[in-house]
Each structure stands twice: as structure tokens, then as C-alpha cells.
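Novice: Mind looking over this structure? Questions follow.
Every read-out reported here was derived from the displayed coordinates using simple, explicitly stated rules and does not represent laboratory data. Since the model is a prediction, treat every value here as computed from it, not as a measurement. All Cβ positions, glycine included, derive from the backbone under ideal geometry; neighbour counts span all protein chains shown.
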Amino acid sequence: MSGMTRRFHTATLAALLAALLAGCAAQPLPTLDRSLPAAWRHAPSPAASAPDLKGWWHGFNDPALDALVDQALAENLGLKAAAERLLAARVLRAHARDAYLPYLRAHVDNEFAPSASASYLVSSFDALWELGLFGKREGTKRLLQAEAVDADAGQDGARVSLIAEVVADYLMLGAARERLALLSRLRGLDEQQLALLKVREGLGLAPAQELAEAESALARAQASEASGQQQVDAMAGQLAVLLGRDAPDAAWLGSARLARLTVTAMPEAPAELLRTRPEIRRAEAAVLAAAGAADLARADRLPAVGIGGSIHWSTNVTRNVRRASTFEIESIGPLLDIPLFDWGLRRARAQSKSHLLNAAVIEYREAVLRGYIEVETALGTLQRDTLREARIEQAAQAQQRGADVTAHRVQLQLASPLATSAAALAATDAELALVDARAERSLSYVALYKALGGAPRPSGDAPAAAR
């Protein structure tokens with residue numbers, strides 16, 4: 001062979017080897033659109049400090065609430081199940097490369113000749129090493145990594161939802177208990193007013209229609225009080241389930257007031273959503289999984305390359321002869337699994353996985369936009385509820401001042417005692433509206449930090465993506 005021919009063959013072999021190595025690499029991950037505005041449109045002005053995302057419920061300054069959240073994080077059954085799913089995904093991810101390590105199998109069997117004149121003891125060692133070329137190894141790694149990231153984000157999502165539900169149920173329980181106390185007061189005032197009207201009726205000073213209206217108002221107040229007690233029981237039961245208990249704590253059913261929000265919400269920059277919001281991280285995991293599936297589908301269009309080897313021993317045991325002969329054979333060489341007649345189907349699968357990857361990229365962008373809009377909406381709702389609470393509080397204070405003036409006039413005998421109960425009823429109705437407004441504002445605060453993905457991660461527990 002001439003020197004020019006050898007150089008030609010060498011160059012051809014090098015080109016083929018370079019093409020093979022290039023084909024072994026997986027496709028790069030698609031670029032994700034993570035762009036978000038620099039600031040929130042509904043951010044409070046002037047900017048005020050707010051609790052850290054990992055402890056946002058401390059803004060209520062309620063030690064009982066803090067203790068309930070800690071208990072829920074330790075005892076909630078759904079969170080424990082999410083932790084087990086995360087551990088399952090991490091165990092598999094730790095062995096992502098094992099599928100492409102050499103495989104060794106020992107085999108022993110006993111075979112008989114058709115004439116039953118001899119038997120053969122066959123033993124062997126078989127080895128197979130699939131190289132995982134053409135992106136197959138990286139695709140498998142991406143799939144297992146995606147499962148771990150999705151499980152990690154799923155656990156964070158469960159933690160976010162759990163804390164938000166515990167805080168919301170605790171607030172609603174406090175509001176229900178405060179509302180129940182006001183409903184009991186209303187019922188007492190209606191009883192007092194009805195008693196006064198009965199006295200006036202006996203004196204011929206009150207018409208029968210006015211007495212009937214007072215009796216109807218008392219019946220409605222009694223029904224509202226019963227409904228208020230039912231709401232207290234329901235909220236206490238929901239809170240017990242979140243804490244993994246079969247019955248609510250007796251202390252929850254006592255008298256208490258709605259926890260008051262002591263801070264103004266000022267969340268982090270919008271870009272922090274990419275890190276804190278579990279739904280966005282799960283969408284990113286879906287992209288990673290789709291990329292891994294696409295890698296495997298592309299690799300299936302090409303030959304599966306491996307190395308195989310075996311050692312076989314066959315011992316011939318002849319009937320009635322006390323001697324045996326053993327034969328041995330070894331083999332080693334490359335293994336190729338080449339798609340032929342189903343190559344079109346494999347190509348269609350690769351194209352399908354490519355489209356699914358594009359869909360996952362689009363859905364990731366949708367998740368980013370949905371998260372941003374949800375937080376913006378929650379910010380706007382919180383601002384409106386804060387303003388509404390302030391206005392209703394002003395109205396309640398004015399109503400109470402009017403009731404105080406009426407009570408003073410009755411003491412001076414310038415007004416009827418009925419005027420006192422009527423003014424007290426109006427003032428209590430205003431307090432009920434204020435409790436509802438405070439509860440709505442508090443729940444808007446909870447919704448905001450749930451939208452932000454605010455929840456604590458146990459110390460030393462890094463995200464699955466970083467492992």
C-alpha cells in the first residue's frame with residue numbers, strides 16, 4: 001500500500017471517528033425564556049420591609065400560629081409522602097450511570113441427550129457492556145435528573161401549600177371565633193330589644209308589626225349564631241387534619257381574636273420567582289425530561305453499540321461410565337443492534353419527542369408568565385383589601401361613636417332605651433364587617449406569599465438540581 005493510500009485511509013478513519021464521537025453527544029438543552037419585568041407594578045409605595053419568604057407568617061406576630069406551622073411541617077401526612085417520593089427519585093438519580101456499566105451473568109443448566117444416554121452440565125459467564133453512545137447515556141441521566149428535580153419541586157410545592165393552608169385555616173378559625181362572639185352579642189341585643197318592645201306593647205305604645213319584626217330579627221340572630229359555631233367547628237377540624245390529628249385541640253375552640261397583620265408586604269424582585277415558585281421549577285424539570293426522552297429517541301435511530309463476551313463450559317456425563325469430559329469455549333467481540341425495517345417508526349418517534357420538547361419549552365414560558373401574573377394579582381388584591389379594611393374600620397369607629405352618644409342621651413333621659421339597643425346593634429354589625437375585612441386582607445396576604453412560593457427548606461437540604 002502506497003503512502004498516499006495509507007494517508008487517505010487514515011484521514012477517512014479519523015473523519016469517521018470524529019463523526020462517531022460527535023454523534024455520541026446529546027443535543028444541547030433548549031434556551032428557556034426567563035425574562036420578567038424588573039419590578040412589580042403593584043409594589044407598595046414607599047417600599048416597606050416584609051418577612052423573609054422562609055418565615056412570612058411571622059408577620060402576624062402570633063406565637064401560637066408559629067407553633068402550629070412548626071407542628072404541621074413535622075406531622076403533616078402529605079408532606080411526609082412528598083418527602084418519600086423525593087428520596088425515591090434521588091436514589092435512582094444516584095445510579096444514573098449504572099445502566100451503561102458492564103453486565104455480568106452466571107448461568108448453570110443441565111441438559112439431556114434425546115436418547116437419555118448422556119447429560120450435559122452447561123455453565124457460563126456472560127458479559128455485556130452497552131456503551132450508551134449517540135446521546136443515550138446523557139438522555140438517561142437527564143430523565144433521572146428531571147425526576148429528582150420534579151420531586152424536589154413537588155415537595156416544596158407541598159410545603160408551600162401546607163403552610164398557606166395552616167395559616168389560612170388558623171386565621172379563619174380566629175375570625176370565626178371573633179365573629180361568633182359578636183353574633184352572640186347581637187343575639188343578646190335582639191333579646192333585649194324584644195323585651196323592651198313587649199313592655200311597650202303592654203302599655204299600648206308598640207304596634208304588633210314592630211313586635212313581630214323584633215321576633216323575626218331574634219330568630220335570625222339565633223340561626224346566625226348557630227352557623228357561626230358550626231364554622232368554628234369546621235375550621236378547627238380542617239386544622240386538625242393538616243396537623244395529622246384525628247381531633248382538634250380543645251384550646252382552638254376557646255375564645256380568641258383574629259391575628260392582626262403587622263407588616264406591609266413587599267416581595268422580592270420578579271426574577272426570584274424562577275427560584276422560589278415550585279410550579280416554575282416543575283416546568284423546568286418537564287423540559288429536562290422531554291430533552292432526555294428526545295435524546296433516547298434519537299439514539300434509537302442509530303445502532304446500539306456494545307461489547308460482549310462469554311465463557312462456556314460443557315461437561316459430558318455418559319450413562320454408566322464413571323468419567324466425564326469438559327469442553328470450554330470463549331468469545332468476545334462487538335455487539336451491534338441495527339434498526340432496519342422499523343427505522344421509519346423510530347424516526348417518527350424521534351420527531352414526536354422533538355415536538356413534545358418544544359411543547360415543554362412553551363409550557364415553561366407559560367408557567368413563568370402565570371406565576372408573575374398571579375403574584376401581581378395578589379399584590380393588587382392585597383392593596384385593595386388593605387384600603388377597604390381602613391375604610392371599614394373608619395366606618396366602625398364612627399358607628400361606635402354614634403352608639404356612645406345615643407347611650408349618653410339615654411342616660412340623660414333624652415332618648416328611649418330602644419335607641420340604645422338599636423345603636424348597639426348597628427355598631428356590632430359594623431364590627432362584624434370589620435372582622436370580615438380584616439380576614440379578607442389577611443387571606444390576601446397568605447395568597448401573595450403562596451404565589452411567591454414562600455416556605456422554609458430544612459437546613460442543609462439543597463435542591464435536587466444542585467445534587
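Novice: Report the extension gain between Asp70 and Ala419 in nm, rounded to one decimal, defined as 0.36 nm multiplied by the number of residues separating them, less their alpha carbon distance.
Specialist: 120.7 nm
Novice: Give me the extension gain from Ile332 to Leu77: residue separation times 0.36 nm, minus the current Cα-Cα distance, reported in nm with one decimal.
Specialist: In short, 86.5 nm is gained.
Novice: Same structure, new question: Give me the distance in nm between label points sitting 7 Å out from Cα along the Cα-to-Cβ direction at Trp313 and Asn110, one decimal.
Specialist: 1.7
Novice: Of Thr428, Ala234, Ala285, which is farthest on the positive side of the dipole of region 30-466, counting Cα position, with +1 on Lys and Arg Cβ, -1 on Asp and Glu Cβ, and the Cα centre as origin?
Specialist: The one lying farthest along the dipole's positive direction is Ala285.
Novice: At a Cα cut-off below 23 Å, give the lysines reachable from Lys353, other chains included and same-chain residues fewer than 8 away excluded.
Specialist: Those lysines meeting the cut-off are Lys136, Lys141.
Novice: Ranked from highest to lowest mean number of other Cβ atoms within 10 Å per residue, what is the order of the peptides 268-276, 232-240?
Specialist: Output ranking for 268-276, 232-240: 232-240, 268-276.
Novice: At R0 = 22 Å, how high is the FRET efficiency between His355 and Leu32 if r is their beta carbon distance? Nearest 0.05 is fine.
Specialist: 0.80
Novice: Another question, then. With the crude spin-label approximation of a point 7 Å out along Cα→Cβ, what separation in nm comes out for Arg384 versus Val199?
Specialist: That separation, rounded to one decimal, is 4.8 nm.
Novice: Quick one: Ser416, Ser421, fewest Cβ neighbours within 10 Å first, how do they rank?
Specialist: With the fewest neighbours first, Ser416, Ser421 line up as Ser416, Ser421.
Novice: To make sure I understand, if each residue's beta carbon is the centre and we count other beta carbons within 10 Å, what order do Thr381, Thr262 fall in, fewest to most?
Specialist: Thr262, Thr381
Novice: Hey, with R₀ at 25 Å, roughly what FRET efficiency would Val405 and Ala219 work out to, going by the Cβ-Cβ distance, to 0.05?
Specialist: It comes to 0.25.
Novice: How do the peptides 135-143, 64-72 rank, highest first, by the average count of neighbouring beta carbon atoms within 10 Å per residue?
Specialist: For the peptides 135-143, 64-72, the packing ranking is 135-143, 64-72.
Novice: State whether region 50-96 is rounded, prolate or oblate according to the following rule on the C-alpha gyration tensor (a ≥ b ≥ c being the square roots of its eigenvalues): a/c under 1.5 gives rounded; otherwise a/b larger than b/c gives prolate, and the remaining case gives oblate.
Specialist: Verdict is oblate for region 50-96.
Novice: Turning to a different aspect of this structure: Subtracting the Cα-Cα distance from 0.36 nm times the residue separation, let me have the gained length for Ala395 to Gln209 in nm, one decimal.
Specialist: Between Ala395 and Gln209, full extension yields an extra 63.9 nm.
Novice: Right, here's the next one. Using per-residue counts of other Cβ atoms within 10 Å, averaged over each peptide, order 221-229, 184-192 from highest down.
Specialist: Ranked by mean Cβ neighbours within 10 Å, highest first: 184-192, 221-229.
Novice: Mind checking which aspartates and glutamates have their C-alpha under 12 Å from Lys450, skipping anything on the same chain fewer than 8 residues away?
Specialist: Partners found: Asp156, Glu165, Glu279, Glu374.
Novice: Please list, in order, the residues from region 262-302 whose amide nitrogen is less than 20 Å from a point placed 7 Å along the Cα→Cβ vector of Ala39.
Specialist: Label zone hits: 264-274.
Novice: Counting other Cβ atoms within 10 Å of each Cβ, which trypsin sites (Lys or Arg not before Pro) in region 61-97 have at most 16 and sit in a DSSP loop?
Specialist: Those that pass, being in a loop and sparsely packed, are Arg97.
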